[in-house]
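This report refers to the structure that appears directly beneath it.
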Amino acid sequence: MKKLLILAVAAAVGVGACKKTDGTVSTLHNYSTPTLIVSSGDYYSIPVGGPLPEITATAYDSFYNETATVVYDQSKLDNTTPGVYPVIASARNKYGMMSKRTLYVAVTDVTGYNLAGTYRRAETSDTVSVTRLANSFYAITDLVANGASDAMHAVPGHFVQTSATELIIPMQDSKYGPVHGTEGVVLMAPGDTTISFRLHNNAVSPVLRTFTKI
């Protein structure tokens, strides 16, 4: 376990003159951070203009046997614009040692749809899985889908359905650097749901990628 030096003010005795002076000494403390437990999950969805969703989280430092208050930094949450935004949950122990956890909030007015399932990319016949994280907020196992023989280049990501016919792929990190999508389209027909978008990243071609639910 790492050690952390905490400075504290203490009294010291002067040599020879026996004069009491103030000095600074170091106290060694074990480095420990609270464990964050977010029982309500990491993914949320709110309507445009809605407040921060109700988040249930606790923090406890088992080394120092103390609970800590969880606070939320929502400075990057823009509830006026559809998209996906990070909210940072954090907690500090009595020595200021801090834990952080990133939660994600989708902003969308779309309700009543579920795009979850298995899809096949028309151009490569590669299959991907789409999982519903929250209302109209989805994870996809591979945004690129270059083909089953190119699984090592898979880029998982997330997207938000913003209308009955539109989706957005916000800027997000990947192993190839920041990636985002444009021209996101949703086409829903009985037994035939299709999503398509252009992916933008320095390592991939911005071709239109079309996925049909199977």
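The values are calculated or read from the model by the stated rules, or taken from the named source; none is laboratory data. Note that the structure is predicted; figures quoted are calculated from it, not measured. Quick reminder, even Gly has a Cβ in these numbers, built from the backbone with ideal geometry, and neighbours come from all protein chains shown.
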Out of the residues in the range 67-87 meeting the condition of being surrounded by 15 or more Cβ atoms within 10 Å (Cβ to Cβ) and of a type in the set (A, V, I, L, M), tell me which one is nearest to ILE37 (Cα to Cα).
VAL70
The range 158-214: number of residues that are free of Cβ contacts under 8 Å to residues at least 12 places away in the same chain and of a type in the set (A, V, I, L, M, F, W, C):
2
Those residues that are farther than 17 Å from GLY184 by Cβ and among the hydroxyl-bearing types (Ser, Thr, Tyr), I need them from the range 119-140; list them, please.
THR124, SER125, THR127, SER129, THR131
Name the residues in the range 164-214 that are surrounded by 13 or more Cβ atoms within 10 Å (Cβ to Cβ) and hydroxyl-bearing (Ser, Thr, Tyr), would you?
SER174, TYR176, THR193, THR194, SER196, THR210, THR212
Take VAL84 and tell me if it is among the aliphatic types (A, V, I, L, M), touching a residue at least 60 places away in the same chain (Cβ under 8 Å), outside the structural domain of ARG132 (by TED's automatic domain parsing) and in contact with a His (Cβ under 7 Å, 6 or more places away or on another chain).
yes
Restricted to the range 65-103, and to residues that are polar (S, T, N, Q) and in a strand (DSSP E or B), which residue is farthest from THR162 (Cα to Cα)?
THR67
Go through the range 119-157 and give me each residue that's hydroxyl-bearing (Ser, Thr, Tyr) and either touching a residue at least 40 places away in the same chain (Cβ under 8 Å) or surrounded by fewer than 19 Cβ atoms within 10 Å (Cβ to Cβ) (or both).
TYR119, THR124, SER125, THR127, SER129, THR131, SER136, THR141, SER149
Can you name the residue in the range 91-118 that is among the hydroxyl-bearing types (Ser, Thr, Tyr) and buried (at least 18 other Cβ atoms within 10 Å of the Cβ) and is also nearest to MET188 (Cα to Cα) among such residues?
THR108
Sole exception among (1) of a type outside the set (Val, Ile, Thr); (2) modelled with pLDDT of 90 or more; (3) more than 23 Å from the chain's Cα centre (by Cα); (4) not in a loop (DSSP other than H, G, I, E, B) for GLY112, by number:
(4)
Considering each residue of the range 115-124, count those that are closer than 16 Å to TYR43 by Cα and either of a type in the set (D, E, K, R) or assigned to a strand (DSSP E or B) (or both), and give that number.
0
